[in-house]
Amino acid sequence: MIKGLKTFVITIVILFITTALFASPVFADQNSAQTAIISAQNNLKTCYDAAKQAQTAGANVDPLMATLNDAAGLLSEAQLAYASNDYNSAYNYATQSQSKLNGFTSQASALQQNAINNDNQNFITLVSSVIGSVAILCVGIAAWVTLNRKQRKT
Amino acid sequence: MALQQYKTLLLVVTVVLALFVASPAIQQLVAVPQTTYLTELSLFGSYHNATYPYNVTVGQNYPLYLNVENRLGSCAYYLIEVKFRNQTQSAPDSFNHTSSDLSSLGKISFIVANNEAMQLPIDISFQYKLDGNNKDQLDMQNIIVNGFSLSVSPTTIAWDPQRIGYYGNLFFELWIFNDTTNAFQYNQRYVSLWLNMTT
């Protein structure tokens, strides 16, 4: 009976320690909050640059804007929380902001590549249309000259 | 006579067909390029119009809406700096295009796509009290922006005998991210509200 109670108490203690170790909330200090915010800012800048490059290449970046703004909103919350000395919230928001942008640059690169491919196709269409119209004009003028000669002979 | 008619028809058909085939190229030439590049910044009151708060009280929440419209030709990364000053502190200058020297209370980041507008809801409330030793002076304590309490201490506001009240100026400066310098720069735009801090 006593042995069983001892085992029960030990199990409870182990459970308590495990919970305390792994389920405790993150308590961030000023430095870690500041580092997280700077990191989130840099991440956002990188992703913004990627989106802008994709847009310059002619990609439709509307789907990327929503993700970027979600991350920017969380960064704003982090900055406001930091300014109000709530370093714990600041750290959490900054970390969430970074998580939002996971895989963003590869998504932007894919859109950029698609836009470049479309651009190449457009260029081929453009050149083809110019060549085609010049050819039609040449054939038309040649036919007109031929008809003119026939008219003179008659 | 019949041949003459064919000649005219041939010319018309040739030109129409050539124009039709060349239409993708013509489309590129005809497209009018954007000539004005700017960002619009405006502020709205709680009813999404120009009804702004004027007489404010301690702890009362005042919803405001900042509207930013991007007409720069590409997406842009903006920053709003929330600032508060009394009548003598540094203000942004519309003529010299300079921002206020005061440090910002809080920053709000956002990105706006080209030819799109973004409306940012900002809930503001104020905490202040009359100076215990000097009744002609109001001591500002905190400004609560979107639920975050930001300290404005030790800003004080002197009694304005002409306008009869303690007047504080809440303003929002627009900053834009510059890809070349990799830093934010003042976009020479701000909106501000003069508020009568009632006691």
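The values are calculated or read from the model by the stated rules, or taken from the named source; none is laboratory data. What you see is a predicted model; the values in this text were computed from it and never measured. Neighbour counts are summed over all protein chains in view; Cβ atoms, including those assigned to glycine, are modelled from backbone coordinates with ideal geometry.
Table for the structure above
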read-out	value
Filter result for residue B:105 (touching a Lys or Arg at 6+ places or on another chain (Cβ under 7 Å), in contact (Cβ under 8 Å) with a residue 60 or more places away in the chain, within 15 Å of residue A:76 (Cα to Cα) and among the hydrophobic types (A, V, I, L, M, F, W, C))	no
Test: residue B:73 is in contact with a Ser or Thr (Cβ under 9 Å, 6 or more places away or on another chain), at pLDDT below 95 and either of a type in the set (D, E, K, R) or at positive phi (or both)	no
Scan of region B:176-189 for residues that are away from chain A (no Cβ under 13 Å) and within 15 Å of residue B:103 (Cβ to Cβ), ordered by number	B:186
Of all residues in region A:43-52 being facing chain B (nearest Cβ under 10 Å) and not hydroxyl-bearing (Ser, Thr, Tyr), the one that is surrounded by the most Cβ atoms within 10 Å (Cβ to Cβ)	A:51
From A:68, A:64, residue being under 10 Å from the mean Cα position of the chain (by Cα), in contact (Cβ under 8 Å) with a residue 40 or more places away in the chain, within 9 Å of chain B (Cβ to nearest Cβ) and surrounded by 20 or more Cβ atoms within 10 Å (Cβ to Cβ)	A:64
Verdict on residue B:133 being over 20 Å from residue B:59 (Cα atoms) and modelled with pLDDT under 90	yes
Subset of region A:74-89 that is small (Gly, Ala, Ser) and either in contact (Cβ under 8 Å) with a residue 12 or more places away in the chain or more than 7 Å from chain B (Cβ to nearest Cβ) (or both) - its residue that is surrounded by the fewest Cβ atoms within 10 Å (Cβ to Cβ)	A:89
Region A:109-130 residues that are more than 26 Å from residue B:21 (Cβ to Cβ), paired with ones that are of a type in the set (Gly, Ala, Ser) and assigned to a helix (DSSP H, G or I) (beta carbon under 6 Å, 6 or more apart)	A:111/A:54; A:112/A:54
Qualifying positions in region A:131-145 - within 7 Å of chain B (Cβ to nearest Cβ) and within 17 Å of residue B:20 (Cβ to Cβ)	A:132, A:133, A:136, A:137, A:140
Elements of type strands (runs of 3 or more DSSP E) in region B:60-141, at least 2 residues being over 17 Å from residue B:185 (Cα atoms)	B:62-71, B:76-85, B:117-130
Criterion violated by residue A:102 - all others in (1) more than 9 Å from every other protein chain (Cβ to nearest Cβ); (2) part of a helix (DSSP H, G or I); (3) at pLDDT 85 or above satisfied	(2)
Number of the exception - residue A:151 against (1) farther than 30 Å from residue B:28 by Cβ; (2) among the polar types (S, T, N, Q); (3) away from chain B (no Cβ under 11 Å)	(3)
Subset of region B:70-102 that is of a type in the set (Asp, Glu) and within 23 Å of residue A:76 (Cα to Cα) - its residue that is nearest to the chain's Cα centre (by Cα)	B:81
Pair list, Cβ under 7 Å, 6 or more apart: region B:24-49 residue within 14 Å of chain A (Cβ to nearest Cβ), other residue surrounded by 14 or more Cβ atoms within 10 Å (Cβ to Cβ) and among the polar types (S, T, N, Q)	B:24/A:129; B:25/A:129
Residue within region B:29-42 that is at pLDDT 90 or above and either closer than 30 Å to residue A:131 by Cα or hydrophobic (A, V, I, L, M, F, W, C) (or both) present	yes
Test: residue A:105 is within 10 Å of the chain's Cα centre (by Cα) and of a type outside the set (A, V, I, L, M, F, W, C)	yes
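For every residue, the table says whether it meets (1) free of Cβ contacts under 8 Å to residues at least 12 places away in the same chain; (2) away from chain A (no Cβ under 14 Å); (3) surrounded by fewer than 22 Cβ atoms within 10 Å (Cβ to Cβ).
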{"position": "B:64", "(1), (2), (3)": "no, yes, yes"}
{"position": "B:77", "(1), (2), (3)": "no, no, no"}
{"position": "B:81", "(1), (2), (3)": "no, no, no"}
{"position": "B:87", "(1), (2), (3)": "no, yes, yes"}
{"position": "B:93", "(1), (2), (3)": "yes, yes, yes"}
{"position": "B:110", "(1), (2), (3)": "no, no, yes"}
